[in-house]
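First up is the structure itself, then whatever we jot down about it.
The values are calculated or read from the model by the stated rules, or taken from the named source; none is laboratory data. Remember, predicted model here, so these are calculated numbers, not experimental data. Counting neighbours? That spans all protein chains shown, and the Cβs are built from the backbone with ideal geometry, glycine included. Areas reflect the complete protein model, heavy atoms only, side chains present, ligands, DNA and RNA absent. Shrake-Rupley method; radii C 1.70, N 1.55, O 1.52, S 1.80 Å.
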Amino acid sequence: MNRDPLTPLTDADVEAYRRDGVVCLRGVFDPAWIALASAGAERNLAEPGPYAHTYARDESGHTFFNDVVSWRRIPEYGRFLTESPAGQIAARLMGSRSARVFYDSMFYRTAGTRSRTPWHQDKPYWSVEGEHVCSLWVPLDPVGRESALEFVRGTHAGDTVYYRDSFFADGQGAHAFESAPGDRDARETKRARIPDIDADPGKYEILAWAMAPGDCLAFNGMVLHGGSGNLPAGRRLRVLAARYTGDDAVYRPDKPGGTDPDLRHAGLEPGQHFQGPHFPQVWPRATG
Ligand SMILES: O=C(O)CCC(=O)C(=O)O
């Protein structure tokens, strides 16, 4: 299995990541990595963890499922997060000397599932502070443009922090950072309401790509993104999102509005740099 990206990253990739908040990298993982992560996803579906959620299930059984923070109990994910080229890619794009595992997130939609992920930013509700936070969204099945994860180009660069809508189809949401029917006072968390991007697509520059297994998206924790539903009949979509932090990132669980996922089990103090067995350094690789 390849340890370095099969297709080397270019300066143009780094520039796109910094300018747009997202870059699509083609053919970076060889098929053995995708097979390994897929075996992990199947294990994960058979053995959901304590944080697993079914965000949507309709009367025909179309299902949108998510699980997080599984890599220490699912060995296939563990190898992917710590040994694949993912950490090296994240470090290069973040402009960080090092990369550490932050956590993993698995998104699974059964064939024909329409449920979209709402537009959102990630970092405002993650227990992290710092510039060096990067996600690699690794599809384990082919993705058409109509089902792609979409990004509003360049939105990582502003200083606007938005409420996150609930990911549950029925709108239930346990966190204060999720806007609720009846609405919270924006002053409570100093968060803005997400504009209605879908109602006015001409106003926003949307980036999205059809992808094949072996490709990945790498994106900044502040860029607005959503979508990835709208699957045609007969096509399911399994995605492993591998998330990394870099040199300047510290643990920040005490955010107004709360944080998710809950990483308190890792035993870090607020403000502490990520370290320890829950957040291993994967780049530079250990030698010897
Ligand atoms: O794949 C999806 O539906 C959502 C992905 C996402 O929001 C993320 O990885 O941060």
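Of everything listed in (1) buried (at least 21 other Cβ atoms within 10 Å of the Cβ); (2) under 20 Å from residue 278 (Cα atoms); (3) basic (Lys, Arg), the single unmet condition for residue 109 is (2). Being surrounded by fewer than 23 Cβ atoms within 10 Å (Cβ to Cβ) and within 23 Å of residue 151 (Cα to Cα) is a property that holds for residue 120. The sole residue among 246, 227, 221, 258 that is on the phi > 0 side of the Ramachandran plot, more than 8 Å from the ligand (Cβ to nearest atom) and not hydroxyl-bearing (Ser, Thr, Tyr) is 258. Any residue at all in the range 38-56 that is among the basic types (Lys, Arg), surrounded by 20 or more Cβ atoms within 10 Å (Cβ to Cβ) and at pLDDT 95 or above? No; the residues of the range 38-56 include none that is among the basic types (Lys, Arg), surrounded by 20 or more Cβ atoms within 10 Å (Cβ to Cβ) and at pLDDT 95 or above.
Taking the range 61-70 as the range and being open to solvent by 30 Å² or more (accessible area, probe 1.4 Å) and within 16 Å of the ligand (Cβ to nearest atom) as the test, the residues that pass are 62, 69.
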